[in-house]
Each structure stands twice: as structure tokens, then as C-alpha cells.
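The values are calculated or read from the model by the stated rules, or taken from the named source; none is laboratory data. Please read these numbers as outputs of a predicted model, since none were measured by experiment. Note that each Cβ is placed from the backbone with ideal geometry, even for glycine, and that neighbours are counted across all protein chains shown. These area figures cover heavy atoms from the full protein model, side chains too; ligands, DNA and RNA do not enter into them. Shrake-Rupley method; radii C 1.70, N 1.55, O 1.52, S 1.80 Å.
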Amino acid sequence: MTRQHSSAGRAYDYDVVVVGGGPAGSTVSTLLARAGLDVAVFEREHFPRFHVGESLLPANLPIFDRLGCHDAMRQMGFLVKPGASFYDEYEGRGSNTFTFQQTPFQPAFAYNVVRATFDDLLLRHAESAGVQVYRQHTVKQPRIDTDHVTVQVQAPDETTCEVRARLLVDASGRTALLGSGKREPLPSLGKVALFAHFRGAHRDAAIPPGNIRIHIVRDGWIWWIPFADGTDSIGCVLHARIVKERGGSIERLFDDVLASSPRLTHGLAEAQRITTVHSAANFAYRINPVVGNRYVAVGDASGFVDPIFSSGVFLAMRSAELAATYILQAFRQQNFSARTFAPYATRLRRGVRSFLAFIQRFYEPAFLDLFFSANPPVHLYNAMRWVLSGAAFDHRSLWLHSHLAFFFTAVYVRKTMRRVTGLATESRWRW
């Protein structure tokens, strides 16, 4: 790290230091370097590495086009995801398979990606754009001063050096380097995820090959994500209280939850688990604030919502795109105050809100009654697909607002009917 340049009489190692080389860090650094800034990414892990969050949204694909990495992704042969299939194996509502819809700004499909390969591809693409990437380098002790930021960087050999920049981007994921003391758990989303990869699972031929499968079971829900190489990512999301009550090893709990799904029991009868069982706890949170003087948080370092609708990677990359817009504006104006970045925080909150509204209602019995309806009203169905494809983050027309309002009103009416007829109405959001 010998590159230095001066500005206003002070030497800086870089214009921007990005902490974290995941999808958010790769995206923001690529865009900033392409615009002519001197950018460094410090990633504490060795890539490629295992990571969860493997099912993307159609709204991801225009981002790949704007980054210029879509052709490379096509060459990787990731499995095309045309939609999703949901199964209610707890209260017996049946199944619901939906397909994405083509829009003027995004296609009617996404991809299922092995994150080790996908994340490495994005980080290498950032390097090709001129980003200085330091793998297995850990950032510590960030300090924000009036005219610069300083971080301590520990190299793989444990030597430490000081790096200065004009701006710091926190893309450190769930560790949230700058926001660890500003974390606000989302109410009643104290969940735990357990997950692993399998080989040799039997996939139902009646389901479109790339569809993600979501199984609602007694203790939570289970995902099944197929990959192009024949392996599958399978995981479950449980309330933290259930994990505490059950006790024992996470491997035993994982096996017990998967066994509660008849469809998975059949599909995994001859399958072999090829990774350890990984876990993530208390993963639903928001960071407030996500901006400050000379810093911006993106991706999971700005917050994370329940993964039921596969929004994680899209929100990471789209937040990074938005942040890059305001960061470039800050450099043009030479104004790195929190106020300069405030519009980014506003747009991010507004975009996430559409996902959160559906996530909260997905845990309500009344919502599931309509969600699994054999003949849902077409305009309501299309509004739902609009949100679940990721389109609602940036495109919220009057049509969408009115149809979603009508849909949520229908959920309220259905909840009243359940109450009158003596059926359960309590949301599993709170378990």
C-alpha cells in the first residue's frame, strides 16, 4: 500500500476504502473505480468461500448489465430461476408456484448461484475495473476525522499498517464494522437459520428445475435451492425460542426440522450432506444511521430482513449502486457530510419497506389463506409478483400502491373471518 496522492495538503492512500468484498463491496468499488476514484477493498476472508444467500431476483440482472459482468455470469452456467414454489406442510393449504413477469426494465427470470463462485466473480470483476483488492486483510479501529478517515489494517502475516482515505464505505456484512453499536433488531424477528449443501437429492420433475422451494413446517420454514451442478442448498429458519427449547446440537435440530417436511424426507432419502451445518442467529436487524460524515454503510452492514423472499443479494447490490451515486456526488462537490448522503438512506429505507410489508404478513394465517388460494385475483397476484421480483424497490406506481392496499385489506377481512369462525389468527411473526 504505497500509493499516495495529496489533496488540500494532506497525503491519502486512497480516495475510498471499502471494508468487505462481498456483493455490496464489489459493486460499490467497481462503480467508484470506473468513475476514476482510487479505491481499495479490504476483505478479511480468503475467496472463494462458502456463503448463504444463493437465490437471486430478476431485479439483480439489470445490475449485472450495468456492472458489465453479466456475460461472465452466463459463462459460469448458473441455473436459471423462473420463479418459486411454496408448500404449506403445516396447515395443509397446498402449494403455490408462481413465475416472474417480464417488465420493460427486468427479465422474467433470475439465477441460483453458488456464492463461493459468484462472490469471487464479482470481486475479480472489481479488480479488472481498477480496484485494489486485499484479501485476508482485516480492518480495525476506524477513525473518522474532519478531513479524512483512518483504519488499521492487519495483513495475513499479522503485520499492521495505517491506511488513510477521504471516505469509508462499510460493506462488512453482518459484522457491521461501523454500525455494531447502532444495531436495532427488527421486532419479533429473533430468528435462527441453519443450512448446509447436499448432493444426490431427488428433485420433483413437476417443479421448474430452477425454482426455489419454500416449505412451511411446524417450527418455521425450509428453503431448497437447486444448483446447476446437481447439488442443493437446504436450510431452515426458526424462531430463537424454538431453538432454545429444543436444545441439543444444531446438526440434530437441523435433521429434525427437515424430517418434519414429508416432501423433503422423500427428496433427501438418498442424499448426502457435503458441508457442515452452518448457523446464523438474530440476523434480522437495521442499522441506524447508515450514513455519517465521511462514511456510508451498504449491504448487510446497513441492515438485513428475513430471507423468505430471497431479497438479500439484490438489496446488497442495489444499496451499493445507490451509495455510489451519492458518493460520486460528494466527490464532485467536495462535501462529505452526513447530509450529503442522507438521500441515500431515505431511498434505501423506502425500497426495503415493500419487502418488509410482505415478510411480516407472510407469517399471518390470513395472508397464507390468500397466498395459497387456487384462484387469486389476477391484479392482486401481479402486484405480489411485482414486489417479489424486486421491481417494487425502484418502481412504485399508483397502480401498485392501490393494488397492494386492496390486497392487504383483503388480508384484514380474511383475518376477521377467521376470528369469527374460531380459526387461529395469531401471526407466527411473533411465534
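Side notes on the structure shown:
- Nearest-ten-degree value, helix 23-34 long axis tilted from longest Cα axis of the chain: 40 degrees
- Burial order of peptide ranges 82-94, 36-48 (average beta-carbon count within 10 Å, highest first): 36-48, 82-94
- Around the amide H of residue 79, modelled in the peptide plane, lie the amide H atoms of 112, 228, all under 5 Å away and 5 or more residues distant in sequence or on another chain.
- Percent of beta bridges antiparallel (DSSP, region 1-122, rounded to nearest 5): 80 percent
- Percent accessible area from carbon and sulfur atoms, the chain, protein chains only, probe 1.4 Å: 51 percent
- Karplus-derived HN-Hα couplings along region 76-87 (A = 6.51, B = -1.76, C = 1.60, θ = phi - 60°), whole Hz, x at Gly and Pro: 6, x, 4, 5, 6, 10, x, x, 8, 10, 10, 10
- Taken along the Cα-to-beta-carbon direction at a fixed 7 Å, the label points for residue 205 and residue 279 span 4.0 nm.
- DSSP bridge analysis restricted to the chain gives an antiparallel fraction near 75%, rounded to the nearest 5.
- Positive-end residue of 26, 83, 39, charge dipole of the chain with Cβ unit charges: 83
- Between the amide H of residue 303 and those of 287, distances stay under 5 Å, these residues lying 5 or more places away or on another chain, with hydrogens modeled in the peptide plane.
- Partners for residue 81 among aspartates and glutamates (Cα-Cα distance below 16 Å; same-chain residues under 8 apart left out): 54, 204, 229, 232
- For the chain, the dipole from Cβ point charges (+1 on Lys and Arg, -1 on Asp and Glu) about the Cα centre works out to 1160 debye, to the nearest 20.
- Nearby lysines by direct alpha-carbon distance to residue 191 (threshold 16 angstrom, same-chain neighbours under 8 apart not counted): 244
- Relative to the longest principal axis of the Cα atoms of the chain, the long axis of helix 115-128 lies at roughly 30 degrees.
- Where 304, 100, 406 fall by accessible area, highest first, once all protein chains stay in place (1.4 Å): 406, 304, 100
- Toward the positive end of the charge dipole of region 279-404, with +1 on the Cβ of Lys and Arg and -1 on the Cβ of Asp and Glu, the farthest Cα among 374, 325, 359 is that of 325.
- Two-site FRET efficiency, residue 378 against residue 159, from Cβ-Cβ distance with R₀ of 60 Å, rounded to 0.05: 0.45
- Rounded, prolate or oblate (a/c below 1.5 giving rounded, otherwise prolate when a/b exceeds b/c) for the chain by Cα gyration tensor: prolate
- With Cα atoms, 0 to 90° folded angle of helix 338-362 axis to the chain main axis: 10 degrees
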